[in-house]
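Visitor: Okay, here's the structure, questions in a sec.
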């Protein structure tokens, strides 16, 4: 005689359907994400305005940079420069001047990062969304600051970059 | 009495049970990740700006410093220096910005010594990240203010 299904059996079948559906949705999402292009190396320039010498001194080439908002690795600092900070002033005679602010600096950072490209934008290390003119909070292991992304470009320093062994080989030739 | 036969549902239940037990065992036996934590004595400069001279009048070398709201220990005051607060004057007549000393307010740079843990490369004192640019509410026994870490010596 054939056994009839009871409410526990129906419950289990529903549970199985739910699990399959969840897996299906997850699989669908993964498929969507898999349409991302591969990670590409880029140099992101970040400008930090109006900081004091303490911040300038605390940032070093080779430091790892993290997004303080997203708590994720952003990239490696490959270039650091600084110049006096400026403000716009309208003088008594009506002239519009760009004047230096004493003891305040504009810190420029070049950050090497791997970005993924999606329809909605560019994502550093696949996580932190980066756009020119976007303001973000960043940190290294020793300093934190807010800065504005001013450019995203292909790295140019690699074209003439040589490994130590290659340099020796080139000299011998 | 007729003996019940094993159905597909029973097999599913058995598989589910085995899976749940397996997951449970793997969870219990999961090795604990023990992070290596290095400790070191550091000195950091903590700057408080635009305060009255009564701030340093209440300050003594050797004071214990705490987080104002959490009451957690942030280190020992080993030195401090006071200088006039700065006023950025926009001189629109000559088209320049000049710094003028404030005659009645001071900036105080406090040198704090503490034993810090290095967690994931970050210096931590009582779980507070010690990094340049970090703002903290700090207090001694008879004084308190908000300020920023400006320098770190390791």
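Visitor: Identify, by number, the condition in (1) over 30 Å from residue A:126 (Cα atoms); (2) part of a strand (DSSP E or B); (3) more than 9 Å from every other protein chain (Cβ to nearest Cβ) that residue A:104 doesn't meet.
Guide: So the condition that residue A:104 fails would be (3).
Visitor: Continuing with the same structure: Kindly check whether there is at least one residue in segment A:116-128 that is more than 30 Å from residue B:100 (Cα to Cα), modelled with pLDDT under 95 and loosely packed, with under 12 Cβ neighbours inside 10 Å. Before the answer, list the steps.
Guide: Residues of segment A:116-128 that are more than 30 Å from residue B:100 (Cα to Cα), as a first pass: A:116-128.
Of the ones still in play, those that are also modelled with pLDDT under 95 are A:116-128.
Restricting the remaining residues to those that are loosely packed, with under 12 Cβ neighbours inside 10 Å gives A:119-120.
Scanning segment A:116-128, I find at least one residue that is more than 30 Å from residue B:100 (Cα to Cα), modelled with pLDDT under 95 and loosely packed, with under 12 Cβ neighbours inside 10 Å, so the answer is yes.
Visitor: Quick test for you: out of B:152, B:42, pick the one residue that is over 30 Å from residue A:85 (Cα atoms) and surrounded by 17 or more Cβ atoms within 10 Å (Cβ to Cβ).
Guide: Numbers: B:152 fails: over 30 Å from residue A:85 (Cα atoms).
Step by step, each of B:152, B:42 is checked, and only B:42 is over 30 Å from residue A:85 (Cα atoms) and surrounded by 17 or more Cβ atoms within 10 Å (Cβ to Cβ).
Visitor: Of the residues that make up segment B:123-138, is at least one over 11 Å from the mean Cα position of the chain (by Cα), farther than 19 Å from residue B:84 by Cα and touching a residue at least 40 places away in the same chain (Cβ under 8 Å)?
Guide: Within segment B:123-138, one or more residues are over 11 Å from the mean Cα position of the chain (by Cα), farther than 19 Å from residue B:84 by Cα and touching a residue at least 40 places away in the same chain (Cβ under 8 Å).
Visitor: Would you please name the residue that is nearest to residue A:110 (Cα to Cα), looking only at residues in segment A:51-68 that are away from chain B (no Cβ under 11 Å) and surrounded by 14 or more Cβ atoms within 10 Å (Cβ to Cβ)?
Guide: Step one: filter segment A:51-68 for residues away from chain B (no Cβ under 11 Å), giving A:60-62, A:65, A:67.
Within this subset, residues satisfying the condition of being surrounded by 14 or more Cβ atoms within 10 Å (Cβ to Cβ) are A:65, A:67.
Values: A:65: 10, A:67: 14 Å.
This residue is A:65.
Visitor: Residues in segment B:79-112 that are surrounded by fewer than 17 Cβ atoms within 10 Å (Cβ to Cβ), within 26 Å of residue A:59 (Cβ to Cβ) and away from every other protein chain (no Cβ under 13 Å): how many?
Guide: 2
The values are calculated or read from the model by the stated rules, or taken from the named source; none is laboratory data. Keep in mind that what you see is a predicted model, and the values were worked out from it rather than measured. For neighbour counting, all protein chains shown are included, and Cβ atoms are generated from backbone atoms with ideal geometry for every residue, glycine included.
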